[in-house]
1. Hey, does the range 125-132 have a residue that's surrounded by 15 or more Cβ atoms within 10 Å (Cβ to Cβ) and within 16 Å of the ligand (Cβ to nearest atom)?
2. Out of the residues in the range 263-307 that are surrounded by 16 or more Cβ atoms within 10 Å (Cβ to Cβ) and among the small types (G, A, S), which is nearest to the chain's Cα centre (by Cα)?
3. Determine, yes or no, whether T179 is crowded, with 18+ Cβ neighbours inside 10 Å and either at pLDDT 95 or above or within 14 Å of the ligand (Cβ to nearest atom) (or both).
4. Pairs only if they're at least six apart or on different chains, beta carbon under 6 angstrom, first in the range 202-219 and part of a strand (DSSP E or B), second among the β-branched types (V, I, T); list them, first residue then second.
5. Can you tell me how many residues in the range 172-190 are over 22 Å from T69 (Cβ atoms) and assigned to a loop (DSSP other than H, G, I, E, B)?
6. Identify all residues within the range 253-277 that are part of a loop (DSSP other than H, G, I, E, B), in contact with a Lys or Arg (Cβ under 8 Å, 6 or more places away or on another chain) and either among the aliphatic types (A, V, I, L, M) or within 13 Å of the ligand (Cβ to nearest atom) (or both); write none if there are none.
7. Among the residues of the range 307-338, what is the count of those that are farther than 21 Å from E163 by Cα, out of contact with any helix residue (DSSP H, G or I) (no Cβ under 7 Å at 6 or more places or on another chain) and free of Cβ contacts under 8 Å to residues at least 60 places away in the same chain?
8. With the condition kept exactly as written, say whether any residue in the range 307-323 is in a strand (DSSP E or B) and touching a Pro at 6+ places or on another chain (Cβ under 6 Å).
Amino acid sequence: MKKSGMMLLLALAMTTVAACGSGGSTGGNAPSTGEKPATTTETKSNEAAADKKIVLGFSQVGAESGWRTANTDSIKSAASEAGLELKFSDAQQKQENQIKAIRSFIQQKVDVIAFSPVVESGWDTVLKEAKDAGIPVVLTDRSVDSQDDSLYETFIGSDFVEEGRKAGEWLVEKMKDETNVNIVELQGTTGSAPAIDRKTGFEEIISKDSKFKVVASQTGDFTRAKGKEVMQAFLKAQKDIDVLYAHNDDMALGAIQAIEEAGLKPGEDIIIISIDGIKDAFVAMTEGKINLVVECNPQFGPQLMDIIKDVVAGKEVPKRIAVEEGVFPMETAAEALPKRTY
Ligand code: GZL
């Protein structure tokens, strides 16, 4: 009995070892039902990592203009398309709200932070905090004046100086037979990259001929309401305005209301040049109320998601990525309007 029992135990033990042995390289318990061998911890973590959604923290300037709304729509839809988890914050055009949002993203340990800086200055401290936390930052739409470009991976946005030059070059040609041109300027948000650079580019061109005079220049903060208010003040203070140069369409559209309420014809009594290219500006051009729109494309959401995936994958990305855009004189508006997408 004893001997046969021992033989039985030995046979059982042999079967168990063989079964384990046939578990292949994993060394785990080979299930006898012929299923795939259980993955190791390492394999599981690789699979989990591959499935983990990239978490993007995005701080948006606000909702001040048609351009901004289109930009937000582009980023939200592109993030959803790309399968990213988006944490979105609207700063209502306040830098302190953007800094708070970036600090919150750092605490939440997001994978990437992206933002459109409402103004150029005052970002080094919070960007260093993100860098110290090992979280890469991508600048979108507007840049910062930091001397340390290791604080961000890349900047994707328009060339605002070039936009200003395009506005100036069109005006020089338009006014070639005039001897004296009085210009009023509605600037964007004070201290913002588009306001600074659009002014720089425009002045670079018109300053070559002293017949062009900027007789008044003030911020309309990129909004329709403020654009109307400041244009009303210009009309009261200036006896002879030939041209309005508005840093965005929303301010131009607000100014048009003020010009009409003053009994003048926008686009005729006062030539109007604007930047962005929102649909309402194209409609105004078809009505003869705006003479030129320089495009500033807000729909770079898909490009942004590609960059973010490259950054997370540790790939090298160019420090500067420009957005393509055109120039639309009023004569081209009717044909272009049906094709406009923002
Ligand atoms: C430009 C963007 C500007 C738009 C405005 O890229 O930052 O801000 O021109 C918007 O319409 O408010």
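The values are calculated or read from the model by the stated rules, or taken from the named source; none is laboratory data. Remember, it's a predicted structure, so these values are computed and weren't measured experimentally. Heads up, the Cβs are rebuilt from the backbone with ideal geometry, glycines too, and the neighbour counts pull from every protein chain shown.
1. Among the residues of the range 125-132, not one is surrounded by 15 or more Cβ atoms within 10 Å (Cβ to Cβ) and within 16 Å of the ligand (Cβ to nearest atom), which makes the answer no.
2. So, considering only residues that are surrounded by 16 or more Cβ atoms within 10 Å (Cβ to Cβ) and among the small types (G, A, S), the one nearest to the chain's Cα centre (by Cα) is G301.
3. Numbers: crowded, with 18+ Cβ neighbours inside 10 Å: no; either at pLDDT 95 or above or within 14 Å of the ligand (Cβ to nearest atom) (or both): yes.
In short, no.
4. Once the first residue is part of a strand (DSSP E or B) and sits in the range 202-219, its partners that are among the β-branched types (V, I, T) give F212/V181; F212/I206; V214/I183; A216/V184; Q218/V230; T219/T190.
5. Taking the range 172-190 first, the residues over 22 Å from T69 (Cβ atoms) are 172-185.
Remaining after also requiring assigned to a loop (DSSP other than H, G, I, E, B): 175-180.
Residues flagged as over 22 Å from T69 (Cβ atoms) and assigned to a loop (DSSP other than H, G, I, E, B) within the range 172-190 amount to 6.
6. Passing the criteria: only G277.
7. So the answer is 7.
8. Going through the range 307-323, the residues in a strand (DSSP E or B) turn out to be 320-322.
Keeping just the survivors that are touching a Pro at 6+ places or on another chain (Cβ under 6 Å) gives none.
So far as the range 307-323 goes, no, none of its residues is in a strand (DSSP E or B) and touching a Pro at 6+ places or on another chain (Cβ under 6 Å).
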